[in-house]
Ligand SMILES: [Zn+2]
Ligand SMILES: [Zn+2]
C-alpha cells in the first residue's frame, strides 16, 4: 500500500552545500505533514463528532520526514522529541 520511497526520511541527497546553508540564517521548519496534522488538530476541536480525524492526524505526524529536504533544518513540530 506504501508507494516507492525515492527520498526516504533523513536523506540528505538534495541538501544544499554547507557554504550556502551558512548564508541562509536561522531557519524554523515545520514539515507539510506536521503542518497539516496541526490543522487537523484544530479541525478535531471544531468537529468532535468526527472520530475518523484523530487517526488521520496521527498518520500525518507519522509521515513527517523530520529534516527539510533542501536545508536539513529539523521539523519544529512538538510531536518530535526535542534534541536540545
Ligand atoms: Zn508532527
Ligand atoms: Zn514533523
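Values in this text are rule-based calculations from the coordinates and carry no lab data. Please read these numbers as outputs of a predicted model, since none were measured by experiment. Methodologically, a virtual Cβ is constructed for each residue, glycine included, from the backbone with ideal geometry; neighbour enumeration extends over all protein chains shown.
Scanning the stretch 54-82 for residues that are in a helix (DSSP H, G or I) and crowded, with 17+ Cβ neighbours inside 10 Å yields a count of 3.
Do you know which residues across the stretch 50-75 are within 21 Å of residue 14 (Cβ to Cβ), touching a helix residue (DSSP H, G or I) at 6+ places or on another chain (Cβ under 8 Å) and within 14 Å of ligand 1 (Cβ to nearest atom)? Don't jump to the end; show me each part of the working.
Residues of the stretch 50-75 within 21 Å of residue 14 (Cβ to Cβ): 63-75.
Next, only the ones that are touching a helix residue (DSSP H, G or I) at 6+ places or on another chain (Cβ under 8 Å) stay: 63-65, 71-72, 75.
Those that are within 21 Å of residue 14 (Cβ to Cβ), touching a helix residue (DSSP H, G or I) at 6+ places or on another chain (Cβ under 8 Å) and within 14 Å of ligand 1 (Cβ to nearest atom): 63, 64, 65, 75.
Residue by residue through the stretch 15-53, note down the ones that are exposed (fewer than 11 other Cβ atoms within 10 Å of the Cβ) and assigned to a loop (DSSP other than H, G, I, E, B). Those that are exposed (fewer than 11 other Cβ atoms within 10 Å of the Cβ) and assigned to a loop (DSSP other than H, G, I, E, B): 17, 22, 23, 25, 26, 28, 48, 49, 51, 52.
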